[in-house]
Amino acid sequence: MLTNNMIFTRYLYNLDEVRYTFIECLLSKKSIEECYFWIYEYYSSGFHNETWKLMWDIYFEFYSLNYPRMIKKIIAYQKKYNETKDFINVLHIVKNFHRFTKQNDIDYRIFLSSVLFKKKLCYIFKEKSYSKEVLDYGYKEKYENLLIKSMIKNSYASTAYYLNKNMDNPNLMKLLKDVLKSNIKIIPEYSNTFNQLMFNILKNNNNGDYYYKKAKINDFKTLLKTDTPMSPIKKDKYELSQIYKTLKQKRKYSISKNIGCFELERYKYNLNNMFWYNWEYFAYKSPLWKKRFDKYKIKVDDKNKKIIFLDEEQEEKFYEEYNYEPDEQSKETQEKSTLQIKKISYKKWLKLITH
C-alpha cells in the first residue's frame, strides 16, 4: 500500500500545487489559457471525480454568495458530463468563473470559514451570558446557543467555528431553519455540507444575474493536443529519443510561488530528490501513470519509494516511451514544479492575488 500523499501529475507537477495554482489563476485573472492548462493537467492525470469536486469547492468558496443561480448551471453541465464524459463541460464552468471580473464578484467568507475559522476560534464574545433572543429558541446545548448567538451577531468567523462544532448534532438542521426562518437546501452533487450550510447562512437576496458563455471548441482542441507524447522513435541529431524533451515542451507554465498558505505535501519531503530520483513512485499514485505502469510486471517499494520492474525487457520498453529524465532537465524546466514556496498566511495570499 502506498503510504505517502505526494502525487505527481501527467507532467510531474505536484498534484496539490496544480490545484491551488489553478484556483489562484482564476482569482487573480490570469489568462484563460493558463486556467485551462492547469485544470486539464489535473483532470488528464486521472482525477475526474476530483475535478468536479474542485469545481464545486471553487464555486461555493468564492462565487456562490454573489451568483447563487449558477448552482443550476453547474448541475446541468455535470449532468451532461456524466452522460458524455466530455471534458468541455468542465471548461464551460471555468470560462464563466474566469469572466467574473468585477471587484465584488468574489466573496472570500466561505473560503476563510472553511480553511481557517472553522478550525480556530478567532472571535470571542465579550458578554458571557446569552440574550433573551438566543434563549427564546429553546436550545439547551452550549455550542447550539453559541452558534445561534454568532448568527444573530452576524459574526461569520464565530459562526463558522460553532457550526463546525455542531456538524454532528442531530438538531442542527432544525436550529438553522429556526434562526434563518427558511428551509435549508443541500444539493447532493456536492459532498461538502459545511460549505453548503455556510452558503445558506450567509446568502442574501442577490440573484446574481449573469449572461453565461461556453468555452470555445478551438480552445478545447488545443488542450487535447497537449496529450500527444513526444515521439520515442524520432531521433535528434545525436540519435537520442525525443522523449527527454517532453517536460521542456509540455510544461507551459510554472506553479505559483505564492501558495504557501496551504498545507502543501512538499513540506514533508526533500522535493528535489523526490523529483529527480523517485518520480516514478509518486507518479504511480495518479490514475494516469498507474495505468501506464500496470501494463508491466512491477513491484512497489514503499520503503525506498521506488517502482521496481521485474523484467528488464519490460523496463526498457517502459522507459523508451516515458523516460522524462527530470534530473537532466534545465533549471528553468525543473523549477516549474520545484521552485521555492515560502509559507505565508491566508491573509497575505489573498492580498497578493487581489492587487
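The values are calculated or read from the model by the stated rules, or taken from the named source; none is laboratory data. These numbers come from a predicted model, not from an experiment. Positions of Cβ are generated from backbone atoms using ideal geometry, with glycine treated the same way; all protein chains shown enter the neighbour counts.
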**OP:** Look at SER155 and say whether it is surrounded by fewer than 20 Cβ atoms within 10 Å (Cβ to Cβ), outside the structural domain of ALA215 (by TED's automatic domain parsing) and free of Cβ contacts under 8 Å to residues at least 40 places away in the same chain.
**Re:** yes
Original post:
All but one of (1) within 21 Å of TYR20 (Cα to Cα); (2) assigned to a loop (DSSP other than H, G, I, E, B); (3) at pLDDT 95 or above hold for HIS355; which doesn't?
Top reply: (3)
Original post:
Which members of the stretch 9-36 meet the condition of being within 17 Å of ALA283 (Cβ to Cβ) and in contact (Cβ under 8 Å) with a residue 40 or more places away in the chain?
Top reply: THR9, ARG10, TYR11, LEU12, TYR13, ASN14, LEU15, ASP16, GLU17, VAL18
**OP:** Scan the stretch 70-119 for residues that are in contact (Cβ under 8 Å) with a residue 12 or more places away in the chain, among the hydrophobic types (A, V, I, L, M, F, W, C) and within 22 Å of LEU197 (Cα to Cα) and jot them down.
**Re:** MET70, ILE71, ILE74, ILE75, PHE97, ILE106, ILE110, PHE111, LEU112, VAL115, LEU116, PHE117
Original post:
For SER182, all conditions in the list (1) closer than 24 Å to THR51 by Cβ; (2) without any contact (Cβ under 8 Å) to a residue 60 or more places away in the chain hold save one; what is the number of the exception?
Top reply: (1)
Original post:
Which ones in the stretch 301-352 are free of Cβ contacts under 8 Å to residues at least 40 places away in the same chain and either under 27 Å from ILE23 (Cβ atoms) or polar (S, T, N, Q) (or both)?
Top reply: ASN304, GLN314, LYS331, GLU332, LYS347, LYS351
Subject >> In the stretch 190-211, the residues that are touching a helix residue (DSSP H, G or I) at 6+ places or on another chain (Cβ under 8 Å), surrounded by 14 or more Cβ atoms within 10 Å (Cβ to Cβ) and either without any contact (Cβ under 8 Å) to a residue 24 or more places away in the chain or part of a loop (DSSP other than H, G, I, E, B) (or both) >> reply: TYR190, ASN192, GLY208, TYR210
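Of a type in the set (Lys, Arg), surrounded by 13 or more Cβ atoms within 10 Å (Cβ to Cβ) and modelled with pLDDT under 95, is that true of LYS185?
In short, no.
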**OP:** Filter the stretch 155-189 down to residues that are more than 28 Å from the chain's Cα centre (by Cα) and either in a loop (DSSP other than H, G, I, E, B) or small (Gly, Ala, Ser) (or both) and give me whichever is nearest to GLN78 (Cα to Cα).
**Re:** ASN183
Original post:
Any idea which residue in the stretch 116-151 is surrounded by the most Cβ atoms within 10 Å (Cβ to Cβ), counting only those that are among the polar types (S, T, N, Q) and part of a loop (DSSP other than H, G, I, E, B)?
Top reply: SER131
Subject >> Count of residues meeting criterion [small (Gly, Ala, Ser) and closer than 13 Å to TYR11 by Cα] in the stretch 331-348 >> reply: 1
**OP:** Only helices (runs of 4 or more DSSP H) wholly contained in the stretch 1-101 count here; list those with 2 or more residues that are polar (S, T, N, Q).
**Re:** 48-58, 70-84, 88-98
